[in-house]
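Chemist: Dropping a structure here in structure tokens format, bear with me for questions.
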């Protein structure tokens, strides 16, 4: 697909054009950091923009969402209906490639072969993903590839103060139609390629083979010792998708994010809990991301965005967890942890 | 495709209190529309989420069989908030039913085979569905001999007593062995725990298939008996229970390893379970 080069002004104009027929969401600076909100139609994210506080899953799978509305009518059958699922076209501009790739992982869950979640699907199919490549990795980041194209319709790379725009999908192409931008010349493409090639190496997240053998290893107990089971890692994880469904008693059946770190998550009405302590719950979280998910969908359910690293109240760093697991088999490395 | 969260409306037609403690009831529900009845196509061993508006939703094995057209039945023990609310229902009330969900008993693998159906307590529900399906005249010839062992603490706990004693006990196309843990006055059937009775009445077999549902302790002690009788792990099936919400493999709570009990189960062979972590 094509590649174009744009000045900042042109990029603004293009977005302004898109905003005429779509709702453009962009990282907007709020009190505690950036968050996706309706674009102000005039500015681009500043140099201090690293990533949004909340992952973009919120835009497709909101933290609270009404699945059904109901009304009980005395003497008649109750009314149950599906609320309107939003159909307006949206553009998400400035999403980071790590987060864009998380959407592809979530698609496996919500748009699977057997069941499709109509709320998620509607939002996915109405949304154009325009991602903005980071210039460097943040201190908690460990994405494999800063320039990953997975999940993006358009990928924008800042090169020498201008924007190299890579069109990746037909949807992306359609959004770029009729724009008089210049095709990127060889020099700039080469420069971008060099940036892609010369990324520093990051942590290898593939611990699949090791995990196969350590389900009953004492390492899980050691790893969870400082975990307080607060669940912030799961709420801020772009690929965590667990949820609860509750009736609010006021006429709504609501879906809310839930977390495998909570005891109540798997506790049965009888009182039995297959994951009774933090050890089983932390193991579930790690096994799910690096073993169960890859086994099912051939991909690791961690994009390296680093939000869990940054916000963990007890500094339980998933990068160290990965390293410890990788080195855990022999007794010597066990006692060193 | 139907919105997977939207339930069918069903009307409570009949409620049978199954146990003297009154904590076990069977609900007979009918579809409010014929179209819904036509759309709800299930096989024995599948389950559904029953919902009461304002309270919530929970999964229950379907106790009725597909041949019982237009209706579904569920046996529910009162343990939590939703089951508590279900027990308050009266004839004519409306509930939501979402399903059918899960894989169900492996009907195709069972065809042509002798079957040993082993149940304990109120876990007999989807086994009842299976047996009812098998003894349906048009299906009966597809299966070999059917032996049923069904155990309970005392005679009062037996589910579907009328059907089991008045019909199933008198049929010559199935053998049913009812058992209770301790002798009880007027009881004329087997006495003893399910594993012991199984060992006594079931013949060793190299190709029969066993379908086992019951409390964990019953399953634990029945498996070695089945092994002794020649049943290999791939010829023993069970149905698992887990806390569930969505029932469609999305909400993330009912997994054992990479399998979701709601979608990949609830029926698994012991051979499959042996490959999974024992986290259930």
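Chemist: Being assigned to a loop (DSSP other than H, G, I, E, B) and either more than 14 Å from every other protein chain (Cβ to nearest Cβ) or surrounded by fewer than 18 Cβ atoms within 10 Å (Cβ to Cβ) (or both) narrows it down to one of B:21, B:14, so name that one.
Modeler: The match here is B:21.
Chemist: If you don't mind, another one. Which pairs turn up if I take residues in segment B:1-29 that are without any contact (Cβ under 8 Å) to a residue 12 or more places away in the chain and look for partners that are assigned to a loop (DSSP other than H, G, I, E, B) with beta carbon separation below 6 Å, at least 6 apart in sequence or on another chain?
Modeler: Pairs that qualify, where the first residue is without any contact (Cβ under 8 Å) to a residue 12 or more places away in the chain and the partner is assigned to a loop (DSSP other than H, G, I, E, B), are B:3/A:82.
Chemist: Tell me yes or no: at least one residue of segment A:25-33 is in contact with a helix residue (DSSP H, G or I) (Cβ under 6 Å, 6 or more places away or on another chain) and not assigned by TED's automatic domain parsing to the domain that holds residue A:242.
Modeler: No, every residue in segment A:25-33 fails to be in contact with a helix residue (DSSP H, G or I) (Cβ under 6 Å, 6 or more places away or on another chain) and not assigned by TED's automatic domain parsing to the domain that holds residue A:242.
Chemist: Would you mind telling me which numbered condition in (1) more than 30 Å from residue A:317 (Cα to Cα); (2) at pLDDT below 95; (3) touching a strand residue (DSSP E or B) at 6+ places or on another chain (Cβ under 9 Å) residue A:135 fails?
Modeler: Failing condition for residue A:135: (1).
Chemist: Sticking with this structure for a sec: Among the residues in segment B:38-60, are any in a helix (DSSP H, G or I) and surrounded by fewer than 22 Cβ atoms within 10 Å (Cβ to Cβ)?
Modeler: Yes, segment B:38-60 contains a residue that is in a helix (DSSP H, G or I) and surrounded by fewer than 22 Cβ atoms within 10 Å (Cβ to Cβ).
Chemist: Name the one entry in B:143, B:124 that is farther than 20 Å from residue B:245 by Cα and not in a loop (DSSP other than H, G, I, E, B).
Modeler: Working: B:143 fails: not in a loop (DSSP other than H, G, I, E, B).
Criteria check complete, one pass: B:124.
Chemist: Something else: Where in segment A:48-118 are the strands (runs of 3 or more DSSP E), entirely inside, with at least 2 residues that are surrounded by fewer than 22 Cβ atoms within 10 Å (Cβ to Cβ)?
Modeler: Because the criterion is at least 2 residues that are surrounded by fewer than 22 Cβ atoms within 10 Å (Cβ to Cβ), the strands (runs of 3 or more DSSP E) in segment A:48-118 that meet it are A:64-71, A:79-81.
Chemist: Also, I was wondering about something else. Does residue A:240 satisfy the criteria of being closer than 21 Å to residue A:120 by Cβ, away from chain B (no Cβ under 11 Å) and crowded, with 22+ Cβ neighbours inside 10 Å?
Modeler: no
Chemist: For residue A:83, indicate whether it is in contact (Cβ under 8 Å) with a residue 12 or more places away in the chain and away from chain B (no Cβ under 14 Å). Spell out how you get there, then give the answer.
Modeler: Working: in contact (Cβ under 8 Å) with a residue 12 or more places away in the chain: yes; away from chain B (no Cβ under 14 Å): no.
For residue A:83, the condition - in contact (Cβ under 8 Å) with a residue 12 or more places away in the chain and away from chain B (no Cβ under 14 Å) - is not met.
Chemist: Quick test of your reading of the structure: residue A:180 fulfils all but one of (1) surrounded by fewer than 16 Cβ atoms within 10 Å (Cβ to Cβ); (2) at pLDDT 90 or above; (3) over 23 Å from the mean Cα position of the chain (by Cα); (4) outside any helix (DSSP H, G or I). Name the failing condition by number.
Modeler: Unmet for residue A:180, out of (1) surrounded by fewer than 16 Cβ atoms within 10 Å (Cβ to Cβ); (2) at pLDDT 90 or above; (3) over 23 Å from the mean Cα position of the chain (by Cα); (4) outside any helix (DSSP H, G or I): (2).
Chemist: Taking residue A:162 as the residue in question, decide whether it is assigned by TED's automatic domain parsing to the domain that holds residue A:295 and in contact with a helix residue (DSSP H, G or I) (Cβ under 8 Å, 6 or more places away or on another chain).
Modeler: Answer is no for this residue.
Chemist: Has segment A:246-254 got at least one residue that is more than 10 Å from every other protein chain (Cβ to nearest Cβ) and on the phi > 0 side of the Ramachandran plot?
Modeler: Scanning segment A:246-254, I find no residue that is more than 10 Å from every other protein chain (Cβ to nearest Cβ) and on the phi > 0 side of the Ramachandran plot, so the answer is no.
Chemist: Another question, then. Residues to consider are B:257, B:249, B:265; find the one that is within 14 Å of chain A (Cβ to nearest Cβ) and in contact with a helix residue (DSSP H, G or I) (Cβ under 7 Å, 6 or more places away or on another chain).
Modeler: B:257
Chemist: Look through A:227, A:233 and report the one residue that is in a loop (DSSP other than H, G, I, E, B), under 19 Å from residue A:265 (Cβ atoms) and more than 10 Å from chain B (Cβ to nearest Cβ).
Modeler: A:227
Chemist: Would you check if residue A:213 is within 14 Å of another protein chain (Cβ to nearest Cβ) and over 30 Å from residue B:59 (Cβ atoms)?
Modeler: yes
Chemist: Among the residues of segment B:75-89, is any more than 14 Å from chain A (Cβ to nearest Cβ), touching a residue at least 40 places away in the same chain (Cβ under 8 Å) and under 19 Å from the mean Cα position of the chain (by Cα)?
Modeler: yes
Chemist: Counting just the residues of segment B:90-116 that are more than 13 Å from chain A (Cβ to nearest Cβ) and not in a loop (DSSP other than H, G, I, E, B), which one comes out surrounded by the fewest Cβ atoms within 10 Å (Cβ to Cβ)?
Modeler: Ranking the candidates gives B:108 first.
The values are calculated or read from the model by the stated rules, or taken from the named source; none is laboratory data. Remember, predicted model here, so these are calculated numbers, not experimental data. All Cβ positions, even for glycine, are placed from backbone atoms using ideal geometry, and neighbour counts span all protein chains on display.
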